[in-house]
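The values are calculated or read from the model by the stated rules, or taken from the named source; none is laboratory data. Everything quoted here is computed from the prediction, not taken from an experiment. Glycine gets a Cβ as well: all are built from the backbone with ideal geometry, and neighbour counts include every protein chain shown.
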Amino acid sequence: MRRQKGFSLIELLIVVAIILIIAAIAIPNLLRAKMAANEASAVGSLRTIATSEASYLASGWSNGVNPIGYSGTLQQLGGAACGNPGFIPTANTACLIDNALATAIPGGPAKSGYNFLYQITANSGPTNTGFSVNGDPITPGQTGQRHFFTDGSGVIRANSTQPAGAGDNPIQ
């Protein structure tokens with residue numbers, strides 16, 4: 001009797017079925033882990049923005065006559081030229097955050113599945129005295145589950161169903 005080398009069709013089908021079962025278990029867990037990582041990145045980004053705004057305010061930038069206060073836009077906290085040798089930060093390019101975060105605004109490229117909506121919330125004449133930032137997932141349920149919010153207080157708040165605001169619960 002002659003011995004055959006190789007695998008039978010049944011053996012190969014069993015191996016493929018086992019691989020598919022393992023993939024069906026692993027892929028949802030991988031997606032949940034990616035969403036959790038995106039959310040952690042968004043929280044870190046909001047902390048960075050709040051800290052950078054405090055630094056921007058403390059720097060005392062002015063328009064020549066009046067203090068600016070908080071930055072007018074998120075882009076003013078960053079800048080593409082910040083890494084260039086000899087570049088001197090200005091009120092419009094403060095180099096306090098990286099450019100990937102500064103440009104992660106609605107309609108722009110996302111940062112780790114989130115966009116950040118920056119708004120001036122109060123001013124006293126030409127001086128910006130309040131700001132808020134919303135971090136929202138690009139595709140809720142895929143790039144992130146929760147929406148985040150922070151303002152001049154530095155407290156980060158979250159909401160699972162809609163853009164977060166000052167009345168939502170702080171994250172733990």
Which listed residue, of Ser41, Ser71, Ser45, is modelled with pLDDT of 95 or more, touching a helix residue (DSSP H, G or I) at 6+ places or on another chain (Cβ under 7 Å) and surrounded by 13 or more Cβ atoms within 10 Å (Cβ to Cβ)
Ser45
Please go through the range 115-134 and give me each residue that is of a type in the set (A, V, I, L, M, F, W, C) and under 18 Å from Ser59 (Cβ atoms), ordered by number.
Ile120, Phe131
Please specify each residue of the range 82-110 satisfying the condition of being surrounded by fewer than 16 Cβ atoms within 10 Å (Cβ to Cβ), farther than 21 Å from Leu57 by Cα and among the hydrophobic types (A, V, I, L, M, F, W, C).
Ala100
Members of the range 54-67 found to be in contact with a Gly (Cβ under 8 Å, 6 or more places away or on another chain) and either within 14 Å of Asn123 (Cβ to Cβ) or not in a helix (DSSP H, G or I) (or both), listed by number
Leu57, Asn66, Pro67
Yes/no for Gly135 being crowded, with 16+ Cβ neighbours inside 10 Å, in contact (Cβ under 8 Å) with a residue 12 or more places away in the chain, in contact with a Pro (Cβ under 7 Å, 6 or more places away or on another chain) and closer than 30 Å to Asn29 by Cβ
no
Residue by residue through the range 75-94, note down the ones that are in contact with a Leu (Cβ under 8 Å, 6 or more places away or on another chain) and under 30 Å from Thr139 (Cα atoms).
Leu77, Gly78
Considering the range 69-104 alone, what residues qualify as being of a type in the set (A, V, I, L, M, F, W, C) and out of contact with any strand residue (DSSP E or B) (no Cβ under 6 Å at 6 or more places or on another chain)?
Leu77, Ala80, Ala81, Cys82, Phe87, Ile88, Ala91, Ala94, Cys95, Leu96, Ile97, Ala102
So which residues in the range 93-121 are in a loop (DSSP other than H, G, I, E, B) and either hydroxyl-bearing (Ser, Thr, Tyr) or in contact with a Ser or Thr (Cβ under 9 Å, 6 or more places away or on another chain) (or both)?
Thr93, Ala94, Leu96, Ile97, Asp98, Thr103, Ala104, Ile105, Pro109, Ala110, Ser112, Gly113
Considering each of Ala36, Ala54, Ala42 in turn, give the residue that is under 23 Å from Ala100 (Cβ atoms), under 13 Å from the mean Cα position of the chain (by Cα) and in contact (Cβ under 8 Å) with a residue 60 or more places away in the chain.
Ala42
Taking the range 34-57, which residues are among the small types (Gly, Ala, Ser) and either more than 19 Å from Gln119 (Cα to Cα) or in contact with a Lys or Arg (Cβ under 7 Å, 6 or more places away or on another chain) (or both)?
Ala36, Ala37, Ala40, Ser41, Ser45
Just to check your reading of the model, which residue among Gly6, Gly60 is over 20 Å from the mean Cα position of the chain (by Cα), at pLDDT below 90, more than 24 Å from Thr90 (Cα to Cα) and exposed (fewer than 11 other Cβ atoms within 10 Å of the Cβ)?
Gly6
